[in-house]
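Below is one structure, written out as structure tokens; the observations come after it.
The values are calculated or read from the model by the stated rules, or taken from the named source; none is laboratory data. All values reported here derive from a predicted model rather than from experimental measurement. Because the Cβ atoms are built from the backbone with ideal geometry, glycine has one as well, and the counts that use them run over all protein chains shown.
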Amino acid sequence: MEDSRLKYFKKYLNNQDVLDFGAGDISDRYYAKYIKTYSKSYTAVEINEKRAKNLIKKGFNIKIGNCENINLNKKFGVIIAGDIIEHLDNPGIFLKNAKKHLKNKGVLILNTPNAFSINRIIMSFFKLGNLKQHPEHTFLFTEQLLRLIIKRNGFNIKEVIYFNHTPLNLKGKIIQFFSKISKYYSENILIIAK
């Protein structure tokens, strides 16, 4: 299944130096190869040494470090923070560091799971509110909270997009149905900021 974020990335990648915070590893939603293909240059920061070394072996320019405080001594035209902000100890410090690495007219593309997605609401209902969280997550965000923290750290929001990763099985069809009723039920939030 192709990563549904890619259609939003492409128009910003052409002839840009791209910094990808939290490159991760190869999965069904892996997009580092896509970003590298459509950008002028690709650099990624990955805190997990095993994941980083795996990507380095595959020819990617990966810096091992923490995206909250790494200093690459370079500015980028596009910074991608895909599914990373919800893993961080301090999202505000991360956003300040991203701003430091972004060129004056550069673009930050950030996405995270939606705290109020229909799948979370339904799962929470059936589990009587005792919904287990991803073991690496430290925060859950809504659009309003993202807007506040992003503006607080010097960015201007250009666009907010809601999207889903779901395949078209029964669960996916339910998520798609509710997302058509209201975008606020979608699985994920993507923000483009300058």
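Please verify whether residue 63 is closer than 23 Å to residue 86 by Cα and at pLDDT 90 or above, treating the condition exactly as stated.
Working: closer than 23 Å to residue 86 by Cα: yes; at pLDDT 90 or above: yes.
Yes, satisfied.
What tally of residues in the stretch 112-128 results from selecting those that are of a type outside the set (A, V, I, L, M), under 27 Å from residue 149 (Cα atoms) and either part of a loop (DSSP other than H, G, I, E, B) or at pLDDT below 85 (or both)? The number of residues fulfilling the criteria is 5. For the stretch 53-77, the candidate set comprises residues that are touching a strand residue (DSSP E or B) at 6+ places or on another chain (Cβ under 7 Å) and either assigned to a loop (DSSP other than H, G, I, E, B) or polar (S, T, N, Q) (or both); within that set, the residue that is nearest to residue 99 (Cα to Cα) is 75.
Scan the stretch 104-117 residue by residue and report those that are touching a residue at least 40 places away in the same chain (Cβ under 8 Å) and not polar (S, T, N, Q).
The first filter runs over the stretch 104-117 and keeps only residues touching a residue at least 40 places away in the same chain (Cβ under 8 Å), leaving 105-114, 116-117.
Passing the criteria: 105, 106, 107, 108, 109, 110, 113, 116.
Here residue 72 meets the list (1) more than 23 Å from residue 135 (Cβ to Cβ); (2) at pLDDT below 95 almost entirely, failing just condition (2). When 82, 77 are screened for being within 17 Å of residue 186 (Cβ to Cβ), touching a Gly at 6+ places or on another chain (Cβ under 9 Å) and touching a residue at least 60 places away in the same chain (Cβ under 8 Å), only 82 passes. Each residue in the stretch 175-194 was checked for being surrounded by 15 or more Cβ atoms within 10 Å (Cβ to Cβ) and either in a helix (DSSP H, G or I) or touching a Gly at 6+ places or on another chain (Cβ under 9 Å) (or both), and 8 of them qualify. Just to be sure before I move on: is residue 42 assigned to a helix (DSSP H, G or I), in contact with an Asp or Glu (Cβ under 8 Å, 6 or more places away or on another chain) and not aliphatic (A, V, I, L, M) in the structure I sent? No. Number of residues in the stretch 164-174 that are under 16 Å from residue 82 (Cβ atoms) and surrounded by fewer than 19 Cβ atoms within 10 Å (Cβ to Cβ) equals 1. Note on the stretch 12-35: residues that are in a helix (DSSP H, G or I) and modelled with pLDDT under 85 total 3. In the stretch 133-169, the residue that is nearest to residue 115 (Cα to Cα) out of those that are part of a strand (DSSP E or B) and of a type outside the set (Asp, Glu) is 141. Among the residues of the stretch 143-159, those that are of a type outside the set (Lys, Arg), surrounded by 15 or more Cβ atoms within 10 Å (Cβ to Cβ) and in contact with a strand residue (DSSP E or B) (Cβ under 7 Å, 6 or more places away or on another chain) comprise 143, 146, 150, 155, 157.
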